[in-house]
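Okay, so here's the structure we're looking at.
The values are calculated or read from the model by the stated rules, or taken from the named source; none is laboratory data. No experiment lies behind these values; they were computed from the predicted model shown. A quick note on method: Cβ atoms are made from the backbone with ideal geometry, for glycine too, and the neighbour counts reach across all protein chains shown.
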Amino acid sequence: MKALIIGAAGQVGGTLAAQCVRRRIEVYGTSRKGQGFLYLDLADAASIKDSFEKAKPDTVFLCSAMTHVDNCERDPELARRVNTVGTGLVAEECSRAGARLVYFSTEYVFDGAAGPYDEEAPVNPVSVYGRTKLEGEQAALAAGGLSVRTTVVYSHNPASKNFIMQLISNHRSGARMRVPSDQFSNPTYAPELASAVLDLVEKNASGVYNVVGPDWLNRYDFAVKACAALGFSPDFLEPRLTAELGQAALRPLKAGLRTEKLAAKLGRRLPPVEDSLRKIAAIMKQYE
């Protein structure tokens, strides 16, 4: 495999790149900021074409997107240019190069009325982010690609603003942290996500696969579990209803994803959240 990871400087892309190296997969990474990576901006068609010409990949992992849900709501034109049009351009380049496309999608393609959802459940996004990611997914699938739906991805990554890193930062600074108690999802450990996706690619999977952790719980309960694993008192956490948070975009409240299809394909599910949180606690001890 000769892989091109679009968004290799991000949490998912960076973890995926590290696992490619461990598996002795030739890998190229892109970033909108450059900084040692191939330059690629999903809103810039020329940069997409240039990256393909330099990397000449046979497999492309599209990890990059406009992911800030509220900013997508505030600037729907940019969100569509990046998440929809940009994905379409990547899909076209994959078709031209004969490369497989692996697209990272989201539970936000659903309205959150009756989760957790399997891969065949009817989609109904309620936000600009969800709609543009669904349109990107449709472009990827039309090109014969693999769409990986995931959610609440976390890891110990100081460069990331994932939920666990926000929790650690707030605890260290003594700041209060308002956490929604009515948003249900499946927290997903980034290294386990990357490993499962590479296994799916090795098995030539296509279509839609949910790749998430097995625990379906609300964000506040996840935060409490994280505090227990990391040795934090949870006193700084403030449970709140989503309606109290004043967010610009609607969230799918009872969301989450089912993984029977993944388990049948790989013969396993991802490990439980307690196992992954213990790994993060062990990493943090190395920095003490």
Just checking, how many residues over the stretch 128-143 are surrounded by fewer than 23 Cβ atoms within 10 Å (Cβ to Cβ) and touching a Lys or Arg at 6+ places or on another chain (Cβ under 8 Å)? 1
Quick check on this structure: which one of S206, S185, S195, S181 is touching a Pro at 6+ places or on another chain (Cβ under 8 Å), touching a residue at least 40 places away in the same chain (Cβ under 8 Å) and under 23 Å from Y117 (Cα atoms)? S181
Please go through the stretch 229-241 and give me each residue that is surrounded by fewer than 14 Cβ atoms within 10 Å (Cβ to Cβ), touching a residue at least 24 places away in the same chain (Cβ under 8 Å) and farther than 10 Å from S181 by Cβ, ordered by number. G231
Taking the residues in the stretch 272-288 that are part of a helix (DSSP H, G or I), of a type outside the set (K, R) and out of contact with any helix residue (DSSP H, G or I) (no Cβ under 8 Å at 6 or more places or on another chain) as candidates, determine which candidate is surrounded by the fewest Cβ atoms within 10 Å (Cβ to Cβ). Q286
Kindly evaluate V148 against the criterion of being hydrophobic (A, V, I, L, M, F, W, C), closer than 26 Å to K54 by Cβ and either surrounded by fewer than 22 Cβ atoms within 10 Å (Cβ to Cβ) or modelled with pLDDT of 95 or more (or both). yes
What is the one condition in (1) more than 21 Å from the chain's Cα centre (by Cα); (2) more than 28 Å from V69 (Cα to Cα) that R240 does not satisfy? (2)
Does L4 satisfy the condition of being touching a strand residue (DSSP E or B) at 6+ places or on another chain (Cβ under 7 Å), outside any helix (DSSP H, G or I) and in contact (Cβ under 8 Å) with a residue 60 or more places away in the chain? yes
Quickly run through the stretch 117-153 and pick out the residues that are within 23 Å of A248 (Cβ to Cβ), assigned to a helix (DSSP H, G or I), in contact (Cβ under 8 Å) with a residue 60 or more places away in the chain and in contact with a Ser or Thr (Cβ under 9 Å, 6 or more places away or on another chain). Y129, G130, T132, K133, G136, E137
Matching residues in the stretch 29-51 - criterion: being buried (at least 22 other Cβ atoms within 10 Å of the Cβ), in contact with a helix residue (DSSP H, G or I) (Cβ under 8 Å, 6 or more places away or on another chain) and not β-branched (V, I, T): G29, L40, L42
